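Since every read-out is calculated from the coordinates, none of them should be taken as a lab result. Just so it is clear, the structure is predicted and the values come from calculations on it, not from any experiment. Cβ placement follows ideal geometry from the backbone for every residue including glycine, while neighbour counts extend to all protein chains displayed.
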Amino acid sequence: MKVEVLLELCNRLIRDLDVQGATSRGLAVAMGLGELRQVEPGTVIFEEGAPPEAVYVLIQGRVRVELQDSQGQRRELTTLRSPTLFGQMGYIDLSPRSATCVAQGPGATSFIVLERQVLEMIFHRTDELGTSLRRTIAASLLPLVGAARESDAVDSLLPRDPFYRPPQDDAQDSELGRLASTIQDWELDEVEVVYTEADQRRRR
Amino acid sequence: MLPGTTLGSRPGATVDLAAMPGLVDQLAALPLFRNVDRDALTALVTRCEPVRLMAGSVVLRRGDPVDAAILLVSGQLQSSGGSGGPDEPEVTAPVRPGDTVGAAALFTRSRRQDATVTAEVDSFGLRLTRGRFGGVHDSPALAAIERSQLAALARRLRNENRAVRRAWKAAAPEPTAAAPSGDSLFDRLRRLLGSAS
């Protein structure tokens with residue numbers, strides 16, 4: 001894999017999420033340990049109530065977040081645009097998925113899957129890697145506060161958040177997708193993760 | 001931080017540990033720091049600015065830019081969301097020792113404060129400025145604060161999802177009694193329109 005491509009992806013993620021104090025190098029180590037996947041529009045990535053086994057980094061396309069109403073019907077809560085993270089709430093509090101995420105397109109939706117075991121290696125570290133991951137996850141959650149209240153499905157049912165900032169346009173989607181497609185072998189081969197004793201204990 | 005709401009703090013001030021005996025003990029007693037050693041807590045407080053918050057003072061105001069988070073060490077604050085106007089009821093939540101307000105300053109470069117925070121009683125906190133902590137990667141105490149804030153964010157979003165579900169449920173039409181057998185919507189339409197066959 002070209003490390004430069006991964007670093008560029010991380011740069012954009014940090015910039016677009018406005019992350020404070022994360023480095024693309026630190027984030028790239030986490031992302032490089034993930035698996036790149038591409039799915040067609042309409043594919044359910046995970047369902048509400050499912051166990052939270054991974055965090056996803058959306059790098060191309062959109063993801064529709066849906067909640068089930070009291071009659072069992074799935075209704076759109078919000079739509080995520082690349083680049084961002086999703087599925088991170090379950091990783092943090094170990095609760096079942098609170099919503100269903102569906103690939104929306106346009107075109108294929110690409111994302112990196114970061115399995116829980118991989119994240120555990122990095123999330124608790126007190127170094128550049130851990131800080132970059134924690135802050136990026138937090139920065140991806142902050143814009144979701146109030147987002148549901150802006151949803152068409154919720155409309156006037158709940159008071160709106162006057163300080164909610166809608167996402168910017170996603171003109172860069174195709175550029176991110178182009179970058180992702182240049183990654184031939186999604187294996188980290190130039191950045192080494194050094195595990196501390198605490199990491200090793202956690203792995204056991 | 002609004003002017004006039006703090007005592008004992010000034011920009012760039014650092015905690016004089018000699019003048020605050022027991023501060024590290026206070027921090028060590030917080031569940032947030034149960035796995036953090038005293039050296040790491042000492043390192044944290046030496047980077048912070050102490051803030052004394054007088055009862056009734058506004059600590060952070062919703063919509064204002066935030067350049068620092070405040071870790072509450074003692075006392076109690078109240079966080080208020082919503083404008084409080086007729087269309088937007090105010091939602092309040094207590095902020096207790098170990099909680100952090102203005103945490104967006106730790107995670108993002110320009111996000112604004114999303115709730116107004118006032119001091120319920122005379123309180124004491126540690127101010128973590130973006131400038132001093134933004135580039136810090138090796139602090140176990142800061143990592144503990146970050147993890148705690150992530151958990152708080154996840155709780156908040158789950159609560160929002162629950163509120164959405166409740167709102168949908170409240171807005172849903174009352175369930176109607178099932179139509180008698182042989183009198184389905186299709187049957188009634190067929191009677192009205194006649195059979196196509």
Using 20 Å as the cut-off for backbone N distance, which residues of segment A:97-114 belong to the label zone defined by a point 7 Å from the Cα of B:Arg162 along Cα→Cβ? A:97-100
Would you please give the residues with an amide H less than 5 Å from that of B:Val95, counting only those at least 5 places away or on a separate chain, with H modeled from the backbone geometry? B:Leu77, B:Gln78, B:Ser79
Pairwise centroid distance, computed over Cα atoms, of segment B:51-69 with segment B:103-143, Å: 11
Karplus (6.51, -1.76, 1.60) ³J(HN,Hα), θ = phi - 60°, over segment A:127-137, in Hz, Gly and Pro reported as x: 8, 4, 5, x, 4, 4, 5, 4, 5, 5, 4
Report the Cα-based extents of segment A:75-152 along its three principal axes, largest first, to the nearest Å. 41, 28, 22
Counting every C-alpha pair in segment A:8-148, the percent lying more than 25 Å apart is 22
If r is the Cβ-Cβ distance from B:Gln26 to A:Asp127 and R0 is 45 Å, what FRET efficiency results, to the nearest 0.05? 0.95
Grab the Cα-Cα distance for A:Glu40 and A:Ser95, subtract it from 0.36 nm times how many residues apart they are, and report the gain in nm with one decimal. 17.1 nm
Fewest to most neighbouring Cβ within 10 Å: what's the order for A:Glu35, B:Glu160? A:Glu35, B:Glu160
